[in-house]
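Working notes for the structure below.
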Amino acid sequence: MAISEVQRVVLSVSDLDRSVAFYCDVLGFHKALKLNLGGPLFEQVARGKPGLQGRAVLLQQGTSPVGEVELIQFDSPPDQPTGPKRPGDPGVWLLAFEVRGEGLAAVYQRLQAHGIQCYSEPAIVPVDNYGSMRCVVFEDPDGMMIELVQFPSDEEVQRARAAYRAAKQAQASA
C-alpha cells in the first residue's frame, strides 16, 4: 500500500477557542481552515449518531497539509467523556512534534512563560548508535500529552555511530 506519513491528527476538544489559542499561541500553528460539520455523510464517516454536528479548525505548521492538527468541538459531547489516554491504554496517548531551528531549552522557557506545566525540564535521552535526543512533555488544555523532541544533528549522529563502532570493535578484540 502506498501511503505517506500521517496527514493529520484529529482531536476532539471541549472548548474549540481555548484549544485553538493553545495550539496557535503556544505551539506556533496557524489556522488553515474552519469547518462546520454535520449531515448524513459526516454521521456515516464519523460513525456518529443521527444529528452529530460540530465545528472544526485545521491547523498547520508552514504550508503543507501533511502533519495537520484538526480540532473538533462537537455540539453534543458524550454524557461521560472518557478523558485522555495514558500509557498502557489502547489508542493514541501522546502527540510528538519535532523542534527545529532553535534549542529546546529556549522552547521550554517559552512554555514556562505561557504558564505551561511540563512534566520535567528538558530531558536528554541517549540512544545507542544514534546520539542523544532531547525532549519535554506537557499537556494540552484537554489533557492530551504533547512531547516536543529535538533530534541530534547529523554530525552528532556520525560521532555517536563512530563511537559505537569503536566500542563494538574493542569488545570483539577483548
Select from region 33-55 the residues that are under 26 Å from the mean Cα position of the chain (by Cα), open to solvent by less than 50 Å² (accessible area, probe 1.4 Å) and in contact (Cβ under 8 Å) with a residue 24 or more places away in the chain and list them in ascending order. L37
Would you check which residues across region 67-80 are of a type in the set (V, I, T) and either at pLDDT below 90 or in contact with a Phe, Trp or Tyr (Cβ under 7 Å, 6 or more places away or on another chain) (or both) and list them? V69
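Keeping to region 56-74, report how many residues are open to solvent by 90 Å² or more (accessible area, probe 1.4 Å) and either under 16 Å from A21 (Cβ atoms) or touching a Gly at 6+ places or on another chain (Cβ under 7 Å) (or both).
The initial filter retains those residues of region 56-74 that are open to solvent by 90 Å² or more (accessible area, probe 1.4 Å), namely 61, 63.
Applying the additional criterion that residues be either under 16 Å from A21 (Cβ atoms) or touching a Gly at 6+ places or on another chain (Cβ under 7 Å) (or both) yields 61.
Here the count works out to 1.
Among the residues of region 130-141, count how many are in contact with an Asp or Glu (Cβ under 8 Å, 6 or more places away or on another chain) and on the phi < 0 side of the Ramachandran plot.
Restricting attention to region 130-141, the residues satisfying the condition of being in contact with an Asp or Glu (Cβ under 8 Å, 6 or more places away or on another chain) are 131-132, 135-137, 141.
Now restrict to residues that are on the phi < 0 side of the Ramachandran plot: 132, 135-137, 141.
Within region 130-141, residues that are in contact with an Asp or Glu (Cβ under 8 Å, 6 or more places away or on another chain) and on the phi < 0 side of the Ramachandran plot number 5.
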Are any of the residues in region 4-24 over 24 Å from F138 (Cα atoms), basic (K, R) and either open to solvent by 40 Å² or more (accessible area, probe 1.4 Å) or at pLDDT 90 or above (or both)? no
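The values are calculated or read from the model by the stated rules, or taken from the named source; none is laboratory data. Keep in mind that this is a model prediction, so the values were computed, not measured. Because the Cβ atoms are built from the backbone with ideal geometry, glycine has one as well, and the counts that use them run over all protein chains shown. Areas reflect the complete protein model, heavy atoms only, side chains present, ligands, DNA and RNA absent. Shrake-Rupley method; radii C 1.70, N 1.55, O 1.52, S 1.80 Å.
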